[in-house]
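**Q** Sharing a structure below in structure tokens format, with a few things to ask.
Here, each number is a calculation from the coordinates, and none is a lab measurement. The shown structure was predicted, so the numbers you read here are calculated from the model rather than taken from an experiment. Heads up, the Cβs are rebuilt from the backbone with ideal geometry, glycines too, and the neighbour counts pull from every protein chain shown.
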Ligand SMILES: Cc1cc2nc3c(=O)[nH]c(=O)nc-3n(C[C@H](O)[C@H](O)[C@H](O)COP(=O)(O)OP(=O)(O)OC[C@H]3O[C@@H](n4cnc5c(N)ncnc54)[C@H](O)[C@@H]3O)c2cc1C
Ligand code: FES
């Protein structure tokens, strides 16, 4: 069946990163990756991710746009603990290595903070 | 890690400590170097700025699983550290924790002289730098101009509680360091404000409870918010601005202690005249020796074509380094290649025979 052949391709999800100066970049990310990995693969500025996604550095901090907060869900306790080490934490603050890319967040908008710690 | 683990530490001594090898860094690679050197009858002292062994594994991810250490399908950072400590026990390494090696130079007899920030001195035939990503140092909050205040009115640790007497102190953070200092300094401070971004604390529950009591009897003020700016002159703080749910608030203060965890900074390693490439020490892949004969570098701190920053790479590097170190420590002894499985002399050293 042609349709199922199509389905075996990894599904892609759009993610928009907005820099503090307003510049925005939209990338296609493979489902199953994390938002941090999608940022690194596309050389998004301001996502440092020193610990490689282990939720151990807080240098992949982003602000999830209001409209998307419910869809990405809440940070776990471990992530909240790590967010203590981030700078200028706000309502929509998340560690991008802890957000999985999936159809449910297709079109998501995240803002990169002015500084990573 | 439990202090009851009887890790041998150095006692106060006068004059430099003479030893075969000084290992800088007690991360997994420094620890395994003790083993490989020990098999060749080489004694080592190990120095680390942290107060316990394990490097990144102990400080950054003690509870997280590692899946690529050969023959251990899964092991946490803390477990790996404990297993290494057990493995090197027969060789009785001497640990010097909470000290940083600041200087390294060559003496007239070709041996190396090292000195820590606590003025402990060593003379060693061989130096093994297993400094990982560098010394663990407190994270500096990205507040404009904070550098100017550091050591004068912004502190990442306090050596003398008395120096804080009568001050208006602000402590920032929600972990054990922030809470411990809150409890310790509140009795001497003129005022103490604890600032944390949320009303939940990572610190041990009993210290949180004590802190809440102090808040109740008004000896401590707890503020939920984040510091946005600092004010002062010539290194002396006069106030900070805090963003809270209610808006911006200015708090007069004379000292601030921010606790945002630790990060790795290359530190003194950069000043020892070794060839560096992007903050990593350049080594060969036969001995893992630096441009200075007798100084080796293993683990995350080194670089060579194809380098992978993995624990298993550092273990391999330690084994080859030890062979080369043997030539320096025992220039006249021939080194026989032996297996731990079958060599009775190796087994004797390991205490299994
Ligand atoms: C979150 C995370 C997950 C990881 N997962 C894996 C994994 O799955 N598999 C894997 O193989 N690797 C993993 N790593 C990498 C691994 O932890 C490192 O490769 C390893 O710790 C390197 O060991 P090391 O002994 O070279 O240095 P480190 O562990 O960095 O230890 C170096 C020590 O030297 C000390 N030091 C430095 N300079 C001085 C000085 N001048 N004086 C005194 N002390 C000094 C430091 O304080 C530190 O304690 C991970 C790392 C992180 C952060
Ligand atoms: S990459 Fe380190 S916490 Fe996300």
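**Q** Give me the percent of DSSP beta bridges within the protein assembly as shown that run antiparallel, rounded to the nearest 5.
**A** Antiparallel bridges: around 55 percent, rounded to the nearest 5.
**Q** On to the next question. Normalising by the residue count of chain A, find the relative contact order in percent from Cα pairs under 8 Å and 6+ residues apart.
**A** Once normalised by length, the contact order is 38 percent.
**Q** Return one number: the angle in degrees, 0 to 90 and rounded to the nearest 10, between the long axis of the Cα atoms of helix B:311-329 and the longest principal axis of the Cα atoms of chain B.
**A** So the helix axis and the longest Cα principal axis differ by about 60 degrees.
**Q** Right, something else. What is the projected area of the convex hull of the Cα atoms of the range B:140-260, averaged over all directions, in nm²?
**A** 6.8
**Q** Would you mind ranking A:93, B:191 by Cβ crowding within 10 Å, fewest neighbours first?
**A** B:191, A:93
**Q** Further, regarding this structure: Quote the FRET efficiency, to the nearest 0.05, computed for residue B:330 versus residue A:66 with a Förster distance R0 of 51 Å and r equal to the Cβ-Cβ distance.
**A** 0.15
**Q** Where the centroid of each part is defined by its Cα atoms, how far is the range B:187-207 from the range B:65-137 in Å?
**A** One Cα centre to the other: 34 Å.
**Q** Using a 7 Å offset from the Cα along the Cα-to-Cβ direction at both residue B:244 and residue B:199, what is the distance between the two label points in nm, to one decimal?
**A** Calculated label separation equals 1.2 nm.
**Q** Give me the base-10 log of I(q)/I(0) for the range B:239-322 at each q in 0.11, 0.21, 0.25 Å⁻¹, Debye formula, one uniform scatterer per Cα, rounded to two decimals.
**A** With one equal scatterer per Cα and no solvent, log10 I(q)/I(0) is -0.49, -1.00, -1.24.
**Q** Given a cut-off of under 8 Å on Cα pairs at least six residues apart, what relative contact order in percent is computed for chain B?
**A** This gives 19 percent for chain B.
**Q** While we're here: Can you tell me the length gained on complete extension of the stretch residue B:228 to residue B:150, counting 0.36 nm per residue apart and subtracting the Cα distance?
**A** Contour length minus the Cα-Cα distance gives 26.4 nm.
**Q** I'd like the mean, over residues of A:78-85, of how many other protein chain beta carbons sit within 10 Å of each residue's own Cβ.
**A** 5
**Q** On a 0 to 90° scale, report how tilted helix B:77-88 is relative to the longest principal axis of chain B, with both axes built from alpha carbons and the result rounded to the nearest 10.
**A** Roughly 40 degrees, rounded to the nearest 10.
**Q** Also: For chain B, take the longest principal axis of its alpha carbons; what is the angle in degrees between that and the long axis of helix B:205-216, to the nearest 10 within 0 to 90?
**A** Once rounded, the angle reads 20 degrees.
**Q** Take the Cβ-Cβ distance between residue A:100 and residue B:18 as r, set R0 to 41 Å, and report the resulting FRET efficiency rounded to the nearest 0.05.
**A** Efficiency for this residue pair is about 0.15.
**Q** A further question follows. Report the residues of the range B:172-208 in range of a label on residue B:217: point 7 Å along Cα→C-beta, backbone N strictly under 20 Å from it.
**A** Within reach of a label on residue B:217: B:179-194, B:205-208.
**Q** To continue, here is another question. How compact and how long is chain B, expressed as Rg and Dmax of its alpha-carbon atoms in Å?
**A** Looking at chain B, its Cα Rg and Dmax stand at 23.3, 75 Å.
**Q** To the nearest whole number, what is the average tally of beta carbon atoms from other chains within 10 Å of the beta carbons of peptide B:158-169?
**A** Counting other chains' Cβ atoms within 10 Å and averaging over B:158-169 gives 0.
**Q** Please figure out what share of the DSSP beta bridges in the range B:140-260 is antiparallel and state it in percent, rounded to the nearest 5.
**A** Beta bridges within the range B:140-260, antiparallel portion: roughly 50 percent.
**Q** Taking Rh as the Kirkwood radius computed over C-alpha pairs, what is the Stokes-Einstein D of the protein assembly as shown at 4 °C in a medium of viscosity 1.567 mPa s, expressed in µm² per second?
**A** It diffuses with D of about 52 µm²/s by this estimate.
**Q** Over all alpha-carbon pairs of the range B:56-134, lay out the pair-distance distribution in 5 Å bins, whole %, shortest bin first.
**A** 3, 12, 16, 19, 17, 15, 9, 7, 2, 1
**Q** Distance in nm between label sites at residue B:109 and residue B:68, each 7 Å beyond Cα in the beta-carbon direction?
**A** Each label point lies 7 Å from its Cα, and together they span 4.4 nm.
**Q** Taking R0 as 45 Å, what's the FRET efficiency between residue B:341 and residue B:271 from their Cβ-Cβ distance, rounded to 0.05?
**A** 0.55
**Q** So what's the back-of-envelope 222 nm ellipticity for chain B, counting only DSSP H runs of four-plus at -39500 (n - 2.57) apiece and dividing by all residues, rounded to 500?
**A** Mean residue ellipticity, 222 nm, calculated: -6500 deg cm²/dmol.
**Q** Just round it to a whole percent: the fraction of Cα-Cα distances in the range B:10-104 exceeding 15 Å.
**A** 61
**Q** Mind checking the full-extension length gain between residue B:291 and residue B:97? Use 0.36 nm per residue of separation minus the Cα-Cα distance, one decimal, nm.
**A** Here the segment from residue B:291 to residue B:97 would lengthen by 67.1 nm.
**Q** Moving on. Indicate the gyration tensor shape class of the range A:10-111 (rounded, prolate or oblate), computed on the Cα atoms with a ≥ b ≥ c the square roots of the eigenvalues: a/c under 1.5 is rounded; otherwise a/b larger than b/c is prolate and the rest oblate.
**A** It is rounded, given that a/c, with a ≥ b ≥ c, falls under 1.5.
**Q** What relative contact order, as a whole-number percentage, does the range B:140-260 give when Cα pairs under 8 Å and 6 or more residues apart are counted?
**A** 34
**Q** Now a separate question. Among B:196, B:293, what is the fewest-to-most ranking by other Cβ atoms within 10 Å?
**A** B:293, B:196
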